[in-house]
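Just below is one structure, and these are the notes that go with it.
The values are calculated or read from the model by the stated rules, or taken from the named source; none is laboratory data. Quantities reported herein were computed from a predicted structural model and do not represent experimental measurements. Cβ coordinates were reconstructed from backbone atoms using ideal geometry, including for glycine residues, and neighbour counts include every protein chain displayed.
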Amino acid sequence: MATIILLLPLVLPLIAAQTLHWGPCQTPMVQPNFDLNRYIGKWYEIEKLPASFERGKCIEANYAVRPDHTIQVLNVQTYKGKVRTAEGTAVIQDARESAKLGVSFSYFTPYSPYWILSTDYSSVAVIYSCTDIMRVFHIDYAWILGRSRILPAETVFRAKELFFHAKIDISGMKATEQRGCDIF
């Protein structure tokens, strides 16, 4: 316990904009029979739990399979009037659960969970990521993505129900501004 107390001042600044909860991560069910080839392409961020690396608007994620079978992840957002990009790599970590990907945006960081809880491939995807900190607390990330910049309210409501049934707290979820994004 003393180690945790000593580490908190070092960790808290890194997680200030994240969603922090006590206890270990939830382990929700993911999309059965996930088909990566149908998932790749462009997705727009509709709503998310706050994340320090996503503070802009017009946020989108583009997925493409590379020749080495890894997945290129290209995130684009407008922040303070400038277009910002971040390129990362995703991998399917276990072929038996292909909807559980790992994503990294640096050679120096381990893969973080990127779990596709549900998708119809053509309009909406529900994504969850969680990082345990010594099983004492965890940092949640959650996204509702759409193939279009705006989704019907009913579709967003159904996506949020999936998080609720998985016992994932999304009370802090915020809509991403997707208007005035014709610069892409």
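Return a yes/no flag: does the range 168-181 have any residue that is of a type outside the set (V, I, T), outside any loop (DSSP other than H, G, I, E, B) and in contact with an Asp or Glu (Cβ under 7 Å, 6 or more places away or on another chain). Checking the range 168-181: at least one residue is of a type outside the set (V, I, T), outside any loop (DSSP other than H, G, I, E, B) and in contact with an Asp or Glu (Cβ under 7 Å, 6 or more places away or on another chain). Applying the criterion of being farther than 19 Å from L151 by Cβ and among the β-branched types (V, I, T) to the residues of the range 25-58, the residue that is surrounded by the fewest Cβ atoms within 10 Å (Cβ to Cβ) is T27.
Results for (1) modelled with pLDDT of 95 or more; (2) within 21 Å of L20 (Cβ to Cβ); (3) out of contact with any Cys (no Cβ under 8 Å at 6 or more places or on another chain), shown as yes or no for each residue.
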position: A90; (1), (2), (3): yes, no, yes
position: S123; (1), (2), (3): yes, no, yes
position: C130; (1), (2), (3): no, yes, no
position: M134; (1), (2), (3): no, yes, yes
position: F137; (1), (2), (3): no, yes, yes
position: L145; (1), (2), (3): yes, no, yes
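Filtering L14, L20, L49 for residues that are at pLDDT 90 or above and under 18 Å from the mean Cα position of the chain (by Cα) leaves a single hit, L49. Looking across S123, S148, one residue alone is closer than 21 Å to N37 by Cβ and in contact (Cβ under 8 Å) with a residue 40 or more places away in the chain. It is S148. The set of residues from the range 54-82 being out of contact with any strand residue (DSSP E or B) (no Cβ under 6 Å at 6 or more places or on another chain), of a type in the set (D, E) and assigned to a strand (DSSP E or B) comprises just one member, E54.
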